1. Please name the residues of region B:155-198 whose accessible area, counted over protein heavy atoms with a 1.4 angstrom probe, falls by no less than 30 Å² between the chain alone and the full protein assembly.
2. Tell me the Kirkwood hydrodynamic radius of the protein assembly as shown in angstroms, computed as one over the mean inverse distance between distinct C-alpha pairs.
3. Averaged over A:140-147, how many beta carbons belonging to a partner chain fall within 10 Å of each residue's beta carbon?
4. Using the Kirkwood radius built from alpha carbon pairs, what does the Stokes-Einstein equation give as D for chain B at 25 °C and 0.890 mPa s, in µm² per second?
5. Suppose each label sits 7 Å from its Cα in the direction of the beta carbon; what would the B:K176-A:A93 distance come out to in nanometres?
6. Inside 10 Å of the C-beta atoms of B:496-508, what's the mean count of C-beta atoms belonging to other chains?
7. Could you tell me the relative contact order of chain B? Use alpha-carbon pairs under 8 Å, at least six residues apart, and round to a whole percent.
8. Averaged per residue, what accessible surface does chain B expose to a 1.4 Å probe, in Å²?
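The values are calculated or read from the model by the stated rules, or taken from the named source; none is laboratory data. Keep in mind it's a predicted model, so treat the numbers as computed, not measured. All Cβ positions, glycine included, derive from the backbone under ideal geometry; neighbour counts span all protein chains shown. Side chains included, ligands, DNA and RNA excluded: accessible areas come from the protein's heavy atoms. Shrake-Rupley method; radii C 1.70, N 1.55, O 1.52, S 1.80 Å.
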Amino acid sequence: MTRLNKQGLTRRALLSRAVAAGALAVAGPGFIAATDAAWAVEVTAISEHEMATLLQMARDIYPHDRVGDRFYAVAIKSYDVTEQKEMVAEGIAALDEAAKKAGFDNYLAAGWEDDRVAILRSIQDTPFFQTVRGGLVTGLYNQKDIWPIFGYEGESFSQGGYIDRGFDDIDWL
Amino acid sequence: MAKAAKFELTDDSVVVIVGTGAGGGVLANELAQKGVKVVALEAGGRYLPEDYVNDEWESFGQLAWVDPRTTSGDWRVAKDFSGLPAWIVKAVGGTSIHWAGASLRFQDHEWKALSTYGPVEGASLLDWPIDAAEMAPWYDKAEAKLGVTGVGGRARLPGNNNYKVFEKGALALGYKDVHTGNMAINSADYDDRMACQQTGFCFQGCKWGAKWSSAYTDIPRGEATGNLEVRDHAHVARILHDDSGKVTGVEYFDKDGNLQMQKARVVAVAGNSFESPRLLLNSHSSMFPDGLANSSGQVGRNYMRHTTGSVYATFEQPVKMWRGTTMAGIIRDEARHDPSRGFVGGYELETLSLGLPFMAAFLDPGGWGREFTTALDSYANMAGMWIVGEDMPQADNRVTLSNTEDKFGLKVANVNFSDHPNDVAMRNHAYKQGQAIYKAVGATRTLPTPPYPSTHNLGTNRMSERPEDGVVDRNGRAHDVPNLFVSDGSQFTTGAAENPTLTIVALAIRQADHIAKEMAAGNV
Ligand SMILES: Cc1cc2nc3c(=O)[nH]c(=O)nc-3n(C[C@H](O)[C@H](O)[C@H](O)COP(=O)(O)OP(=O)(O)OC[C@H]3O[C@@H](n4cnc5c(N)ncnc54)[C@H](O)[C@@H]3O)c2cc1C
Ligand code: SF4
């Protein structure tokens, strides 16, 4: 194992090359899209690779298996602007470099979340990581459309509150 | 309704009040009711129930004080929220728009912390110069004003889902003093305000007006007397004084950013415990080089924020804790002083819920990965409680002037805070009890959550018998300056275990009585 690791040829690494490509496809110039074409993000300022990496990174920072990629894409879309281009390019390059040290071609090439999380842990104190993570706290969780996935009901005043709608309806105690 | 008063900038017969929150808003109305002319200056804008929004971040953007502040010390807030040491409001009505409404009297012994607990190493404990017997009638008035439930013949609120989980666990552990609290939230129509509709956005401003806030009670009632003028978007920059050392008025930036000067017979400061000492410190002069009312060197010191923390827990089945009142019940058994637990003073446990967006921000600030997200995946099955206990005053936990300046070029407050070992011991005890409560109801996971940016800010202009020990006397009057008063939580000598606002309000009603009498007697 030790020898293989050094050469970057762990079994996981080998597997991951096949797997990673399946999750996201570069859908023509300037777009990345889900392979099932359920959603697509236009990429203007940053590269498709950078956008795809940011998306995976967002998923790995706040993984919710019942929350689709499209919500994460919305949360990171704001990085695709000229002002953020340099920060993103440098950050993703450093992330890919950290992935290489861990024996993968790049971050996306690491197929298991555990491996990617280990790579993220190695950069978690960098301003790039902290910026992306901090932005997700509102960028992801403040999207009203994901609230129902968590059961959160949001605004209630317009429906008269919960006085007649189950504020005390717990039945399992 | 009488037309709200308008006073001239040159009118030196008025009482100027800085800030219109729980302390300033009540003082303004109480004085106006007694015929005293008042100009209340408020840095924020005006928002009423129709303006409040049932949305955590949007409401934060509407109401929160987000002007710069800086932090230091070893509290985790300084790391996770370095520019936001407190979560408080900048608006007419102040943080009484945000507050949850828990309205508890101090326990009798808490007025005498030093005598009761004895000296504690590293802590600057002191007895208040007033006591429970003296405060009792003022508490009665405050409870009647706020419509507090569970006292004065007012029924308690019904318990919501979050409360039911909490109550069951508490009773299983043998706790006895467990109920839906003493809340400034109407359980039935009272004082022209309707009953709580259990909408569950108490922190975002009650859209029904069921919860008391000075924004839509004391302020408009004071204005209706014709004796109160409230100027919003008026940020007070400094307090001015004459050669005799009496204050003569204030300088403030108006809504257009122009500097104005309002003359005054009396000035009362009620900007909450960061801004009040900041204003006194920024008002330094050749006569008062260390800041106004600061001959003791105590202005800004002994900042207290209560020993807090939260415990959330997940269960097999849904709780939906966000439904209904945010603070829906209390356990008081641990509020007693019982040093056998390893600390002096006590703490309350109160239910609390956050919506999903705030939960993501506050559950484990900086946390990420599955340890964090799997907890949120169970959000609907979560119950939550908040710890609020007496923290130790410490001289070096203090507000000073930072080198950072705000948009007016005024030095902002730096807030330095580190826990005292007593605070840590108390918090750990409370975490253990909180987790045990939820485990007794079958919690699948418990989450001892770190303190949020401060909501209770106390002590930075402490009340003391002797001038060398504090900033203000038993009436909140500055020891150094006869016509300067402090009217907010910064007067607190010690913090007690209880949520502070009922006491702030009781002190403000009492102070209004004192100021009016002193004015009538020609003493100020
Ligand atoms: C989320 C939350 C929940 C809470 N729940 C409870 C609870 O259940 N029970 C309880 O007892 N307490 C609770 N509190 C605390 C309570 O809100 C405060 O104790 C109380 O509002 C403090 O009153 P105050 O008058 O000292 O300050 P505030 O109410 O904060 O008012 C200060 C006002 O002064 C203004 N101001 C500041 N500086 C200047 C200046 N230079 N010029 C002009 N204006 C200025 C501010 O804009 C503000 O409007 C809660 C607080 C929060 C944030
Ligand atoms: S739960 Fe009750 S008090 Fe809280 S905001 Fe809703 S109506 Fe007002």
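1. Residues losing area: B:N161, B:K164, B:K168, B:Q197, B:Q198.
2. Value: 26.8 Å, from the Cα pair sum.
3. Mean number of neighbouring Cβ atoms from other chains: 4.
4. In µm²/s, the coefficient rounds to 107.
5. Going by the 7 Å Cα→Cβ label model, 7.0 nm.
6. Per-residue shielding by partner chains comes out at 0.
7. Here the relative contact order equals 24 percent.
8. In whole numbers, chain B has 31 Å² accessible per residue.
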